[in-house]
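The values are calculated or read from the model by the stated rules, or taken from the named source; none is laboratory data. Just so you know, these numbers come straight off a predicted model, no measurement behind them. Glycine gets a Cβ as well: all are built from the backbone with ideal geometry, and neighbour counts include every protein chain shown. Only protein heavy atoms, including side chains, enter the accessible area calculation; ligands, DNA and RNA are left aside. Shrake-Rupley method; radii C 1.70, N 1.55, O 1.52, S 1.80 Å.
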Amino acid sequence: MLSLLFAAHDRLVPPERRAGLRSLYERASYYGSRLRLGEDRFSEVEVETNTGCNRKCRICPRHKHEREEGLMSEALYGRLLDQLVAIGFRGRLSPVFYNEPLLDERLPALMRAARARLPHSLIVVFTNGSLLTRERILELVDAGVDTLLVSQYTQNLKADEGPYQRAVRDLPKRTMRHIRYRTLGDADPLSTSGGLVPVAKPVTRSRCMQASLSAVVDFKGNVLLCCNDYNATHTFGNIADEDLSTIWKKPDFQKLRKELRHGEFRLDICKRCASGEVMRPVNADATAPDPARPGRPGR
């Protein structure tokens, strides 16, 4: 049912209206979850099981910004699952953070472990689709993956669309229900990833629910501010030392999330993300126009 709703959304909702609908969805999701659980708790977990990616899309920070490479240890991943089981987690779990998860050969085993430990969770794998094959799709679905969300950047379609189309050719309808496909282009409303990526149509926001919905864990186990904190500039603890739920309830983290929900953007990364501004190079001319806002002076 969820895959059908996503497909209808992608087909019927114009790109320029999706950000507004997503904002409404995030608010409804957060307050609905809080009412149901009786507490402020994340409903999504995004875990960076691997850091590598086989693309450097212009709309992604990886295009120009390097990060330390590595794999999350299986012991640390298992510790995260233990912590989620302990709180009865039933939300979305995704192996994602500016990476291509299919580069990790352990992915089917990691997803199978998640399905066994978290039978009521929604497991979504984000991928650019270039490494998908029929066999890998069937293996991941068999491992318990609910949705394969394939996002292909229009500038890479010549290289990536062919492998994806071959992978899904003649797949049974029951398997195709697990696949959601979309393309992202320079003309679409896009995030600047905390001010790191100049885009033609930056998404702006008057308040932010994202940090309240998703717990983001990098490959070292650090719990980050949100999925836009590419450089892990704001961390609140490590799941190797503390339970994720304990980190989530830290007063400084709770206070910051509340401020964001009310539209108070205190951190520089949040100010840039909310306004659509792009962080200027260190030696940039103060009068030069911001590349994400043509004609407007940069800061």
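Per-residue SASA remark: SER206, around 90 Å² accessible (1.4 Å probe; ligands, DNA and RNA not included). What separates the Cα centres of region 74-135 and region 236-254 is a distance of 21 Å. Can you figure out the FRET efficiency of ARG266 with ILE87, using R₀ = 25 Å and their beta-carbon distance, to the nearest 0.05? Efficiency at R0 = 25 Å is approximately 0.35. Residue-wise HN-Hα couplings along region 135-151, as the Karplus relation 6.51 cos²θ - 1.76 cosθ + 1.60 with θ = phi - 60° gives them from phi, are 5, 5, 4, 4, 5, 5, 5, 5, 6, x, 5, 7, 9, 9, 9, 8, 10 Hz; Gly and Pro carry x. Rounded to the nearest whole Hz, the Karplus-based 3J(HN,Hα) values (6.51 cos²θ - 1.76 cosθ + 1.60, θ = phi - 60°) of region 225-242 follow the sequence 4, 6, 6, 8, 8, 4, 8, 6, 7, 10, 10, 10, x, 10, 5, 6, 10, 9, with x at glycine and proline. I want the local charge near GLY70. Using Cβ-Cβ distances under 10 Å, sum +1 for each Lys or Arg and -1 for each Asp or Glu among the other residues. After counting each charged neighbour, the total is -2. Overall form of region 40-167: prolate. Here a/c, set by the Cα gyration tensor axes a ≥ b ≥ c, is 1.5 or more, and a/b is the larger of a/b and b/c. The H on the amide N of GLY237, modeled in the peptide plane, is under 5 Å from the matching H of VAL223, each at least 5 residues off or on a different chain. Once all protein chains are placed together, ARG134 keeps about 90 Å² accessible to a 1.4 angstrom probe.
Applying a DSSP loop filter and a limit of 15 other Cβ atoms within 10 Å to the GluC sites (Glu not before Pro) in region 54-140 leaves GLU66, GLU68, GLU69, GLU105. Classify region 112-172 as rounded, prolate or oblate, taking a ≥ b ≥ c as the square roots of the eigenvalues of its Cα gyration tensor: rounded when a/c is under 1.5, otherwise prolate if a/b is larger than b/c and oblate if not. In terms of gyration-tensor shape, prolate. Between the amide H of ILE179 and those of LEU148, distances stay under 5 Å, these residues lying 5 or more places away or on another chain, with hydrogens modeled in the peptide plane.
By how many nm would the segment from GLU39 to THR133 grow when fully extended, if each residue of separation counts as 0.36 nm and the alpha-carbon distance is taken off? This chain segment gains 29.7 nm when fully extended.
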